[in-house]
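Below is one structure, written out as C-alpha cells; comments come after it.
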C-alpha cells in the first residue's frame, strides 16, 4: 500500500533549500498515474506555476554532505481547502 505523503503537505508559503520562496496552492492527482502532486507558484520573477510529485516535494536532499528538507513550511495558509 502506498503512503500518502500529500497528507504531510500544508497549503502555504515554503522556502526551498536554495533560498527561494514558493506558495503551495493545491494538492492534486496525476490523471494517468494517480500520483499525488503539489501545485505551486514562484514568489519571485514571473510568478510561474509548477507541479511536482508530492514525494519529491517532501524528500530530503544532500547539500555539502548534510541531509536537509527540500522545502520548509514558513507560513501555513488560512484556506486549507486546496482550492484556487
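Summary table
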read-out	value
Verdict on residue 40 being touching a strand residue (DSSP E or B) at 6+ places or on another chain (Cβ under 7 Å), assigned to a loop (DSSP other than H, G, I, E, B) and at pLDDT 95 or above	no
Sole residue being at pLDDT below 95 and surrounded by 10 or more Cβ atoms within 10 Å (Cβ to Cβ), chosen from 33, 29	29
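The values are calculated or read from the model by the stated rules, or taken from the named source; none is laboratory data. Everything numeric in this text was worked out from a predicted model, so none of it was measured. All Cβ positions, glycine included, derive from the backbone under ideal geometry; neighbour counts span all protein chains shown.
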